[in-house]
Amino acid sequence: MESWVSRSGLASLQRTSLNKIDTNLVSAFVERWHLETSSFHMLFGEMSITLDDVACLLHLPIRGIFWSPQDVTEELAVELAVDYLGVSQGQAQSHVRSCRGSYYKLEWLYDLFVHHRAASSWAYATRAYLLMLVGSTIFADKTFTLVEARYLLLFRDLDGCSGYSWGAAALVTLYRYLGDASMYSCKQLGGYPTLLQCWIHEYFPTVGKRGENWNPAENCGLPRAMRWSYRQGVLKIDDLRPILDELTPTDVIWRPFEDHRAWRVFDEICLYRGCFKWGETVVPYLSDRCLRQFGYRQYVPSPPLDCMMATDIDVDWISYHQSVVAVIGSSTVATTPSEVVDGYLEWYYRVSHPRLVPPHRDAPREVPVPVYDAGPSDPDWARVSTLIRRYLRQVNAEEEDPQFSDLFEALHISRSH
């Protein structure tokens, strides 16, 4: 069983989940998500959860094929359970009927796993375990108690399920649910919220509370999501909105995984621009809109893709190198972590509305395009600069005030590095 789970490429998911999610922190980012660009619209431009983020946070394989399953009716869900989970026809029919659709309950799968393991029915036990694992992590739906029966098809051949791009699958599912949750009428988020929250912790060191289990320098090859643990946040979403509205590029660690490359080397496929497909769900993956996360200078990107019109997604994915050349051919390596071309922010403020807190009633409605200094190039100095600046802002400090002169001098020193 351990060999099958290890070869599947999913073994790391056994250890990456947070025991609780900061719903206010997650919601503050969800409402900045734009489904047509698959990105968060921040004050200083777009950011997204990329393939490289998934590879480093979860240690899932990002190369591999997409999956196009057949439709699974309730009758077929019963047959699949009989053939691949080792249950009787009557037991399978009763269970599927109780789920009111082509689903299996996660609790039921766990019971099957325990039963088959005790009976040394290793293949049945492994399929139940893997289906339960993905159903409670990267393929979690809004119920968090059910998993779609069609996913059992992924594990028919336990020796062949390692060929899928599990990283892309995780992103397709999360992107889809982020798109739903960004709408006012939606009150729940499916997918793998641990992935989103740990992504926030890595890129935004001053936003939200978090526990740190170990320093990256002490890591011995564990998925980076395991670095973080839940801490009770005190800020509500109304408190977090203005905090996010005040963030600047220097508040971001643009390349947080450079100290993780001993275990996950950067793969150029992460710069692919095109559509991802998993099942019948298709989402855009637009690396040209978050180039600073890859160490490149951000330019004005191409218009978003219409994935409904995409016909050769698998071919485009296989020939990814063409899109990578197109994405980075128009850019250069950034000289500072947050570098953008002239005119980028002016364009961005014409096409987006990144500020969520409305201006004061007497203030002008038009939001001015912000002007940012380059900030520190070193991530540690950037964090020092951010913390000092945040404190000075909280106490309304003026640079001319003698009691704050040392702090302002420290701020200028940190920005020069």
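The values are calculated or read from the model by the stated rules, or taken from the named source; none is laboratory data. In this text, all values refer to a predicted model and were calculated from it rather than measured experimentally. Positions of Cβ are backbone-derived with ideal geometry, glycine not excepted, and every protein chain shown enters the neighbour counts. Surface areas here come from the heavy atoms of the whole protein model, side chains and all, with no ligands, DNA or RNA. Shrake-Rupley method; radii C 1.70, N 1.55, O 1.52, S 1.80 Å.
Out of ALA382, ALA374, which single residue is over 18 Å from ILE243 (Cα atoms), surrounded by 12 or more Cβ atoms within 10 Å (Cβ to Cβ) and modelled with pLDDT under 75? From the options ALA382, ALA374, the qualifying one is ALA374. Based on this model, can you work out whether LEU153 counts as in contact with a Cys (Cβ under 8 Å, 6 or more places away or on another chain) and outside any loop (DSSP other than H, G, I, E, B)? No, not satisfied. The set of residues in region 6-38 that are more than 16 Å from LEU189 (Cα to Cα) and either without any contact (Cβ under 8 Å) to a residue 24 or more places away in the chain or open to solvent by less than 10 Å² (accessible area, probe 1.4 Å) (or both) comprises SER6, SER8, LEU10, ALA11, LEU13, THR16, THR37.
Applying the criterion of being under 18 Å from HIS260 (Cβ atoms) and modelled with pLDDT under 90 to the residues of region 200-243, the residue that is most open to solvent (accessible area, probe 1.4 Å) is GLU218.
Let's see how each residue does on (1) exposed (fewer than 15 other Cβ atoms within 10 Å of the Cβ); (2) touching a His at 6+ places or on another chain (Cβ under 9 Å); (3) within 29 Å of LEU356 (Cα to Cα):
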| position | (1), (2), (3) |
| --- | --- |
| VAL252 | no, no, yes |
| ALA262 | yes, no, no |
| PHE266 | no, no, no |
| SER287 | no, no, yes |
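Contact map, region 116-130: residues that are open to solvent by 30 Å² or more (accessible area, probe 1.4 Å) paired with residues that are of a type in the set (S, T, N, Q) and outside any helix (DSSP H, G or I), Cβ distance under 7 Å, separation 6+ or inter-chain. No pairs are found. All conditions in (1) open to solvent by less than 30 Å² (accessible area, probe 1.4 Å); (2) of a type in the set (Asp, Glu); (3) more than 30 Å from TYR184 (Cα to Cα) hold for GLU74, with the sole exception of (1).
Scanning region 61-98 for residues that are among the aliphatic types (A, V, I, L, M) and under 20 Å from LEU286 (Cα atoms) yields ILE62, ILE65.
Out of all the residues in region 306-332, which are aliphatic (A, V, I, L, M), closer than 22 Å to GLY279 by Cβ and open to solvent by less than 60 Å² (accessible area, probe 1.4 Å)? Passing the criteria: ALA310, ILE313.
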